[in-house]
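The values are calculated or read from the model by the stated rules, or taken from the named source; none is laboratory data. Treat the numbers as computed from the prediction; the structure is a model and nothing was measured. Positions of Cβ are generated from backbone atoms using ideal geometry, with glycine treated the same way; all protein chains shown enter the neighbour counts. Areas reflect the complete protein model, heavy atoms only, side chains present, ligands, DNA and RNA absent. Shrake-Rupley method; radii C 1.70, N 1.55, O 1.52, S 1.80 Å.
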Amino acid sequence: MSKEEKIVQVNYRITYDALPHESIEQLPPPIQDRLEELYDLTQTNPERAIPYLVDLTEKYPEAPVFDNYLISAYEATGQIKKAIALIEEAYQKHPDYFFAKVNYAFHCLKNNKSEKIPDIFEHKFDLKLLYPHREIFHVAEFISFNAVMALYHLATAHREVAERYYDVLYDLEPNNILT
């Protein structure tokens, strides 16, 4: 099986190929063309990325991807208070955006508010139940969702369930930081 796509024992496919959010299609083509570059800049030089991302979040508030990138840049540069504020704001603005849910869920777990996790994910503890219309998920979605679920079940004293989520993560991406 290729690195582009792996099958884990789930009822959907997992891919390493980009799966753009529908809000990206609404952006002007020059902005769409720069998304990969902006993502790379967020990872390699987050301090330099921040002014661009702040500008883009203001110009395109309907595109939650910029909030997601900006959160990462703030975290990478140690601007934790800004990251936390944006995590909460992004979840309020885009409660259906997957990474807004995940970021907020991790935030809740870090702050001993695990009781919020079921509501964040609409009491659905499987990606396919959460997004029944989708057949393919990006590996980042799969990993982050399963990591949140493992930590949630561990926090709620359901160790065996947590271990199952962990095992699935380990089978797919044993060296990922979230695993």
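What is the residue count in the stretch 131-146 for residues that are without any contact (Cβ under 8 Å) to a residue 40 or more places away in the chain and either assigned to a strand (DSSP E or B) or among the aliphatic types (A, V, I, L, M) (or both)?
2
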**Complete:** Note on Ala155: of the conditions (1) of a type in the set (A, V, I, L, M); (2) in contact with a Leu (Cβ under 9 Å, 6 or more places away or on another chain); (3) buried (at least 17 other Cβ atoms within 10 Å of the Cβ), unmet is (3)
**Request:** List the number of the failed condition for Glu135; all other conditions in (1) farther than 27 Å from Thr57 by Cα; (2) of a type outside the set (Lys, Arg); (3) at pLDDT 95 or above; (4) open to solvent by 70 Å² or more (accessible area, probe 1.4 Å) hold.
**Result:** (3)
**Fill in**
Flagged in the stretch 165-179 as open to solvent by 20 Å² or more (accessible area, probe 1.4 Å), of a type outside the set (Ser, Thr, Tyr), assigned to a helix (DSSP H, G or I) and in contact with a helix residue (DSSP H, G or I) (Cβ under 8 Å, 6 or more places away or on another chain), in numbering order, are Val168
**Item:** Close pairs from the stretch 160-173: first at negative phi, partner in a helix (DSSP H, G or I) and open to solvent by 40 Å² or more (accessible area, probe 1.4 Å), Cβ under 7 Å, at least 6 apart
**Value:** Ala162/Leu154
**Top-ranked residue of the stretch 16-59 - restricted to ones that are in a loop (DSSP other than H, G, I, E, B), free of Cβ contacts under 8 Å to residues at least 60 places away in the same chain and open to solvent by 40 Å² or more (accessible area, probe 1.4 Å), ranked as nearest to Lys82 (Cα to Cα)** = Asn45
**Asked** Can you name the residue in the stretch 91-114 that is polar (S, T, N, Q) and assigned to a helix (DSSP H, G or I) and is also surrounded by the most Cβ atoms within 10 Å (Cβ to Cβ) among such residues?
**Response** Asn103
**Request:** Could you check Lys128 against (1) at pLDDT 95 or above; (2) more than 26 Å from Phe66 (Cβ to Cβ) and say which number it fails?
**Result:** (1)
**Item:** Whichever residue in the stretch 147-159 is assigned to a helix (DSSP H, G or I) and free of Cβ contacts under 8 Å to residues at least 24 places away in the same chain and, among such residues, is farthest from the chain's Cα centre (by Cα)
**Value:** Arg159
**Message:** Which condition from (1) within 26 Å of Phe66 (Cα to Cα); (2) buried (at least 16 other Cβ atoms within 10 Å of the Cβ); (3) not polar (S, T, N, Q) is the one that Ala162 breaks?
**Reply:** (1)
